[in-house]
Amino acid sequence: MVLLNFYSAQSPECINQAAILDKLAAEYNDYIVVANLDCDAEQALASQLAQQVGLQTLPTLVLLKDSAPVDVLSGAQAEAKIREALAKHLPAQQDLLLEQAKQALLKSDLNAAFNYAKQAYEIDNSNARIKLVLADICIQIHKVDEAQALINTIDVQEQDAYFNNIKAKCEAALEAKDSPEIKEKQQQVEKYPNDLELKEELSILLNEAGRKEEALDVLFTVLQKDLNFNEAKPSFLAIIASLPDGDALAAKYRRKLYSILY
């Protein structure tokens, strides 16, 4: 979609609206293009186009889809009003966010993908495709229980090939969470509770299985005994850094670390 903006560089209202359009163009960069026409500098072209759209005041914003005008906003508009006009002709916000999540996944940016998909889910938590994409991302960032909860809400009639693929991935991830290697290492830790190296090894296995909170908890017990033991502190910080932005678990264990640092 093209947003044809008739404006004057001499008008404060036009300048203010141009800033709003720049913001929207960045936000919807895959869907809209803003074309600015300075009516002072391009008087002949502006006059010709003005007759076609019935231009009466500046600024005037013309929304063009498939080269045809679909809406005209005359006069200075608030951002909310422009968004309302765009919403009539662009995909729904949750669909835009879902597409952004998919693009982030293709770039292996799991943090961004999770945040986009989560926002889409918060807008529409009944959409099966959104739930499955979010579940897929959750599996990849080792939030397997959350993935399972999402999968369990998919209605039978919406359980397609993509659903079966995500379900199989989730089941495999759940099995890996409680591997024989983890059980064996847990038994060793129980037998030798003061062996910090065993605890460090257990935390590595737990983290690899996506059991991040348990991994952090084990490492914290190591750090309480010896803050500089082997790679315990760097590993602890690396697990926190691997969590999505704003994750409550990250905040919880940062506070726990600060409690013994200061």
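The values are calculated or read from the model by the stated rules, or taken from the named source; none is laboratory data. Just so we're clear, the structure is a prediction, and the values are computed from it rather than from any experiment. Areas reflect the complete protein model, heavy atoms only, side chains present, ligands, DNA and RNA absent. Shrake-Rupley method; radii C 1.70, N 1.55, O 1.52, S 1.80 Å.
A straight Cα-to-Cα reach below 16 Å connects LYS131 with the lysines LYS102, LYS118, LYS143, LYS167, LYS169, residues fewer than 8 places away in its own chain not being considered.
Within straight-line reach of LYS177, meaning a Cα separation under 18 Å, sit the following aspartates and glutamates at least 8 residues removed in sequence or on another chain: ASP136, ASP145, GLU146, GLU200, GLU201, GLU208, GLU213, GLU214, ASP217. With a 1.4 Å probe rolled over the protein heavy atoms of all chains, the accessible area of PHE229, PHE6 falls in the order PHE229, PHE6, largest first. For SER242, the accessible surface of its heavy atoms amounts to roughly 60 Å² (probe 1.4 Å, protein chains only, rounded to the nearest 10). The string of couplings for the stretch 208-224 from the Karplus curve (6.51, -1.76, 1.60, θ = phi - 60°) is 4, 8, x, 8, 5, 5, 5, 4, 5, 5, 5, 5, 5, 5, 5, 5, 5 Hz, one whole number per residue in order, with x for Gly and Pro. The Kirkwood hydrodynamic radius of the chain, based on inverse pair distances between different Cα atoms, is 22.5 Å. For the chain, modelled as a GNM whose springs connect Cα atoms under 10 angstrom apart, the maximal fluctuation among ASP22, ASP30, ASP66 occurs at ASP66.
Computed in the context of the full set of protein chains, the accessible area of the chain at 1.4 Å probe radius has 48% of its extent on carbon or sulfur. The listed residues ARG129, ARG255, ARG211, ARG83 rank as ARG255, ARG129, ARG83, ARG211 when sorted by accessible area, largest first, using a 1.4 Å probe.
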